[in-house]
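What follows is a single structure, written as structure tokens, with notes after it.
The values are calculated or read from the model by the stated rules, or taken from the named source; none is laboratory data. Everything quoted here is computed from the prediction, not taken from an experiment. We place every Cβ from the backbone using ideal geometry, glycine too, and count neighbours over all the protein chains shown.
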Amino acid sequence: MDLNPLHWPSALLQLARRPATFAKNEVQWAVLALGDTRIPDRVQDLLVHGHQRFEHVPHEGPLVACPAVRPVGTPVAVPADRPAELWRGGGLPRAIALSLGAAREAALTLTAAAPGTDWGVAGSESAVVSVFVDGKYNQDVVLYGGAQATAYPLALGRLEAGEHSITLAFNQPASSPGARAVEVSSARIEAPSAGVQGLAERYQPFFYGRDDNNHSDVPLMMWCRATREGDDTVLAYAVMHSNEDGGTGADPVAEQASWGRQTDPDPIVTVVVGPTGTVKETRYVGWLDETGGFQGSYEANHPILRVARTNNSYDDRGSTHLLFRPRVKVQAFAGPSRESLMDENPWTYRISDAELRREGKLLSPSEAAAVFANSGGDRPTKVFDLRQYLYVDFSVENPGHSQIAVAVKLKGQDRWYRSDLGDPTIDPMWGGNGLRTSVPLPAGVRPADVETVRVIDEGGKSLTLEGVNKVFMLDETFQPRYLALASGQGVRLAAHRSVDLAVR
């Protein structure tokens, strides 16, 4: 059975795309009707849990109102070409006055902490701050950094020239029960962006999250890749969530083997801008990575979307009680894979790890040791500590969609540790420019202990290894520690063959 959802029979896809939540027995009925009982339970779970929808909530603003206070003092005059500090201190500034000499897309960096909260502790995951501009609800900020002061880059949208006020409110109803206060150490208006970054900010999407994003699958960042098509600029926006409750995330072991991460970095919308600045087309990405023409609403040039399902796919209609406007960053990755963005922002591994621990998705040390001792037994349903993996980024030319795995040999050992744990039902990696997988290793293994990395063609067709882009492990603080390998560039693998790359 082909496990790629894009290749599933049309009758099954029609069931999967139904607009309402459906029961697992309905999927089983459809499988039997199709005469194919080989669809694994994992795929059935993906169909069920990945399509749980969050109903549209009539949105009348956040769960708190804008505090009825007026800014104190003279408005801060914001320079036209450099950042301006609006607040520095502690506590929660109720209202800040500022003055703009010209209209602009305004970006605010809020550095804040929530004492007593911890993303890894159930019931005390985060505090939520609601932001109001000129008394109007603008967005929410989930302080996933906990008690540690953390910078949150925000987009306020287009502000006209003149005086404005920014009001911050502790949104306790939307916060975790254990959240009691917010400390803002800095609020800074950033200098206007020019070039492609300025263009990306002008057209970036804003989106309503899920109402449970205060403790699950929180949006961590938004980025954009800009390309040219003739005279047009194509802005492809994507968001990274801290985890994926539904969809492929329902099987974290397969997720780690197939993608080498537990976050959920996915495209959400593409905006095509003509040479005069006119939006020529807006396309958003829904469930099963289907692309549709955007028919929702805009705020100025900003399309408004909504996280609609537990697999963090989006719709162009509806609203919730949490509105997100993370400031977009035009991204040139250090490697071809989208996961490499995590390597440039290692704190994302820390947040991901905390959520996995809290949700019981990580193996305990004794459970992890038992997996290696019981080689050939049932594969685990939980993942290892993220610092026990060797991460491998590579690119292959794989026109026949041959299944790929990666194995690792340690110095002084004969055993090979595999990315797929020897389980053929784990999602295959199909190939392309920028694959990532990860290989679980015993506790205590360090990069210096790795001797050889093996790339394996598990399928029935040949492929070409175009190169290994990076290999690394995470240290105790979740910082990547890189290894140097023989590149393997241009090596052609016959079906069911492999190539070994030695550590230099």
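Things to note:
- Selected residue [closer than 18 Å to Ala187 by Cβ and among the hydrophobic types (A, V, I, L, M, F, W, C)] from Val69, Val64: Val69
- Any hit, region 146-154, residues being of a type outside the set (Asp, Glu), under 29 Å from Gly101 (Cβ atoms) and either without any contact (Cβ under 8 Å) to a residue 40 or more places away in the chain or not assigned by TED's automatic domain parsing to the domain that holds Pro93 (or both): no
- Test result for Ala106, crowded, with 22+ Cβ neighbours inside 10 Å and out of contact with any Gly (no Cβ under 6 Å at 6 or more places or on another chain): yes
- Residue in region 197-204 that is basic (Lys, Arg) and not assigned by TED's automatic domain parsing to the domain that holds Thr278 present: no
- Which listed residue, of Pro153, Pro115, is surrounded by fewer than 15 Cβ atoms within 10 Å (Cβ to Cβ), within 29 Å of Tyr349 (Cα to Cα) and at pLDDT 95 or above: Pro115
- Some residue of region 221-228 being in contact with a Pro (Cβ under 9 Å, 6 or more places away or on another chain), modelled with pLDDT of 95 or more, crowded, with 17+ Cβ neighbours inside 10 Å and over 20 Å from Gly120 (Cβ atoms): yes
- Checked against (1) without any contact (Cβ under 8 Å) to a residue 60 or more places away in the chain; (2) among the aliphatic types (A, V, I, L, M); (3) closer than 17 Å to Val64 by Cβ; (4) out of contact with any Leu (no Cβ under 6 Å at 6 or more places or on another chain), Val129 meets all criteria but (4).
- In region 75-93, the residues that are in contact with a strand residue (DSSP E or B) (Cβ under 7 Å, 6 or more places away or on another chain) and either acidic (Asp, Glu) or surrounded by 15 or more Cβ atoms within 10 Å (Cβ to Cβ) (or both): Pro75, Val76, Val78, Ala84, Glu85, Leu86, Trp87, Leu92, Pro93
- Any hit, region 411-434, residues being under 26 Å from Asn243 (Cβ atoms), of a type in the set (Val, Ile, Thr) and modelled with pLDDT of 95 or more: no
- Looking at Ala300, Ala308, Ala369, just one residue is among the hydrophobic types (A, V, I, L, M, F, W, C), in contact (Cβ under 8 Å) with a residue 24 or more places away in the chain, surrounded by fewer than 20 Cβ atoms within 10 Å (Cβ to Cβ) and within 27 Å of Ala65 (Cα to Cα), and that residue is Ala300.
- Restricting region 175-227 to residues that are among the charged types (D, E, K, R) and under 25 Å from the mean Cα position of the chain (by Cα), the residue that is farthest from Leu110 (Cα to Cα): Arg225
- Residue within region 326-344 that is in a helix (DSSP H, G or I), surrounded by fewer than 16 Cβ atoms within 10 Å (Cβ to Cβ) and at pLDDT below 95 present: yes
- Within region 205-232, no residue that is assigned by TED's automatic domain parsing to the domain that holds Ser130 and on the phi > 0 side of the Ramachandran plot sits with its Cβ atom under 6 Å from a residue that is in a strand (DSSP E or B) and buried (at least 17 other Cβ atoms within 10 Å of the Cβ) at 6+ positions apart or across chains.
- Filtered residues of region 449-489 (kept if in a loop (DSSP other than H, G, I, E, B), out of contact with any Pro (no Cβ under 7 Å at 6 or more places or on another chain) and not aliphatic (A, V, I, L, M)): Glu458, Gly459, Gly460, Lys461, Ser462, Asp475, Glu476, Thr477, Ser487, Gly488, Gln489
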